[in-house]
Amino acid sequence: MPKIDWAQLQVVLLDIEGTTTPLDFVHRTLFGYARENLRKFLLENFSKSEVHECVARLKAEHAIDEQEQRTPPTWLTDSQASEIRSAEEYGLWLMDRDSKTGSLKVLQGLIWQEGYRSGRLKGQVYSDVPRAFDRWRREGKNISIYSSGSELAQRLLFSTTEFGDLTSYITAFFDTRVGAKTKPDSFRRIRSLHGHSEKEWLFLSDTLLELDAARAAGMRTTLVARTPGVEIRADGHPVVNNFDELG
């Protein structure tokens with residue numbers, strides 16, 4: 001496998017799920033919280049402009065799903081109560097499919113925001129993450145995040161960890177507004193916003209399709225395998241078990 005020239009790197013771009021943060025926290029804690037609180041959140045916040053706008057985007061995406069015969073639940077518009085119920089049922093339908101649609105991610109982020117503010121949610125990262133952030137900043141590296149979760153959700157997670165607020169280490173947060181994480185053009189778009197050449201970037205993720213897309217865009221890549229001793233397929237990407245092995 002190719003070795004990474006750490007001295008040449010200027011930007012470390014990080015995935016979240018399985019990379020900085022345990023999968024179980026994202027899939028069970030965060031997604032579970034969003035499911036359990038979706039209806040209550042919509043009932044209490046439907047009149048707020050950001051929520052109303054998000055529901056309108058969900059409704060537009062629902063129409064596309066119907067047009068393309070994906071058989072989403074029916075969307076009723078005869079009353080506000082029906083609209084809220086429809087948004088809830090469609091939101092759950094999207095969650096069941098692990099949809100990455102932007103409107104769902106924004107809605108989940110708003111629900112999580114209330115959870116973080118109330119103290120019912122706290123961000124989780126692996127213990128090597130704050131050590132690496134501090135080391136990389138001292139080395140003059142820029143740290144950026146690229147996740148399918150909304151920018152708001154990313155900021156909330158990193159600002160509420162048991163290690164304190166880590167957002168001061170992070171230069172930029174990218175979500176799927178720049179494109180899907182499995183598309184090389186998304187990584188080219190991110191690179192163009194920072195101004196560094198492709199060879200000065202290192203993308204860290206636990207997902208091969210994302211790593212392949214970053215490599216196709218010219219970035220350096222490393223697969224993060226958080227379970228040591230488990231045989232994995234790396235497809236030519238360097239492999240680390242934690243961030244202490246980097247730099």
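The values are calculated or read from the model by the stated rules, or taken from the named source; none is laboratory data. Everything numeric here is computed off the predicted structure, so don't read it as measured data. Glycine also receives a Cβ, built like all others from the backbone with ideal geometry; neighbour counts cover every protein chain displayed.
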**Q.** Hey, Asp212 of a type in the set (Asp, Glu) and more than 16 Å from the chain's Cα centre (by Cα) or not
**A.** yes
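Considering each of Thr20, Thr29 in turn, give the residue that is surrounded by 12 or more Cβ atoms within 10 Å (Cβ to Cβ), touching a strand residue (DSSP E or B) at 6+ places or on another chain (Cβ under 9 Å) and modelled with pLDDT of 95 or more. Give the steps one after another, and end with the answer.
Working: Thr29 fails: touching a strand residue (DSSP E or B) at 6+ places or on another chain (Cβ under 9 Å).
Exactly one residue qualifies, and that residue is Thr20.
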Q | Residue ID - farthest from Trp136 (Cα to Cα), chosen from residues in region 207-233 that are in contact with a helix residue (DSSP H, G or I) (Cβ under 8 Å, 6 or more places away or on another chain) and part of a loop (DSSP other than H, G, I, E, B) | A | Arg233
**Q.** Subset tally (residues that are assigned to a strand (DSSP E or B), farther than 14 Å from Lys122 by Cα and either touching a helix residue (DSSP H, G or I) at 6+ places or on another chain (Cβ under 8 Å) or among the hydroxyl-bearing types (Ser, Thr, Tyr) (or both)) for region 11-56
**A.** 4
Q. Among (1) without any contact (Cβ under 8 Å) to a residue 40 or more places away in the chain; (2) of a type outside the set (Phe, Trp, Tyr); (3) touching a helix residue (DSSP H, G or I) at 6+ places or on another chain (Cβ under 9 Å), where does Ser82 come up short?
A. (3)
Q) Looking at (1) touching a residue at least 24 places away in the same chain (Cβ under 8 Å); (2) in contact with an Asp or Glu (Cβ under 7 Å, 6 or more places away or on another chain), which is the only condition Asp185 fails? A) (2)
**Q.** Residues of region 176-187 classified as in contact with a strand residue (DSSP E or B) (Cβ under 9 Å, 6 or more places away or on another chain) and either of a type in the set (A, V, I, L, M) or part of a loop (DSSP other than H, G, I, E, B) (or both), total
**A.** 2
Q.
Residues that are assigned to a loop (DSSP other than H, G, I, E, B) and either of a type in the set (A, V, I, L, M) or under 26 Å from the mean Cα position of the chain (by Cα) (or both): does region 75-92 have at least one?
A. yes
**Q.** Selection from region 134-175 of residues that are among the small types (Gly, Ala, Ser), outside any helix (DSSP H, G or I) and surrounded by fewer than 17 Cβ atoms within 10 Å (Cβ to Cβ)
**A.** Gly140, Gly164, Ala172
**Q.** Conditions (1) surrounded by 13 or more Cβ atoms within 10 Å (Cβ to Cβ); (2) over 30 Å from Ser192 (Cα atoms); number of the one not met by Ala60
**A.** (1)
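Does His237 satisfy being surrounded by 17 or more Cβ atoms within 10 Å (Cβ to Cβ) and farther than 18 Å from Pro22 by Cα? Talk me through it step by step, then tell me what you get.
On the way: surrounded by 17 or more Cβ atoms within 10 Å (Cβ to Cβ): yes; farther than 18 Å from Pro22 by Cα: yes.
Yes; evaluated as a whole, the condition is true for this residue.
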Q: Scan region 188-206 for residues that are outside any strand (DSSP E or B), in contact (Cβ under 8 Å) with a residue 24 or more places away in the chain and hydrophobic (A, V, I, L, M, F, W, C) and report the count.
A: 1
Q: Select from region 105-116 the residues that are modelled with pLDDT of 95 or more and more than 20 Å from Asp24 (Cβ to Cβ) and list them in ascending order.
A: Leu107, Leu110, Gln113, Glu114
Q | Residue list for region 110-125, restricted to those being of a type in the set (Lys, Arg) and either out of contact with any strand residue (DSSP E or B) (no Cβ under 9 Å at 6 or more places or on another chain) or more than 15 Å from Thr167 (Cα to Cα) (or both) | A | Arg117, Arg120
